[in-house]
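Notes follow the structure.
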Amino acid sequence: MSTHVKSELSLLSEGFLSLLLTACFGIYLYKSYTPFPWLSFIGLPIGLAILVACWGQKKNQWTFFIIGLLFNMVVWSIVFNWSSFF
């Protein structure tokens, strides 16, 4: 396997992992609590992104995972709070 294919698979798996983590945590909060706790939902991806950024400080890796966490946090918080907007 060439290094180009390995790097693309790594980026793809980072994107899917960020989507999976935020979606599963959002569904758990949505099913467990009657008013959706959006502050808890926003806090976990931001905290995890800060931890991963500090942990991988030597190299510029995990950037796609961090950006995916923050992007999915915004998207899923809008999706789960859609009824409170209207």
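Only the coordinates and a few stated rules stand behind these numbers; no lab work does. In this text, all values refer to a predicted model and were calculated from it rather than measured experimentally. Cβ placement follows ideal geometry from the backbone for every residue including glycine, while neighbour counts extend to all protein chains displayed.
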Next on the checklist: With the requirement that a residue be more than 16 Å from the chain's Cα centre (by Cα) and more than 14 Å from VAL79 (Cα to Cα), what does region 32-42 give you?
Outcome noted: SER32, TYR33, THR34
Next on the checklist: Of the residues LEU17, LEU21, only one is surrounded by 17 or more Cβ atoms within 10 Å (Cβ to Cβ) and either of a type in the set (Gly, Ala, Ser) or touching a residue at least 40 places away in the same chain (Cβ under 8 Å) (or both); which?
Outcome noted: LEU21
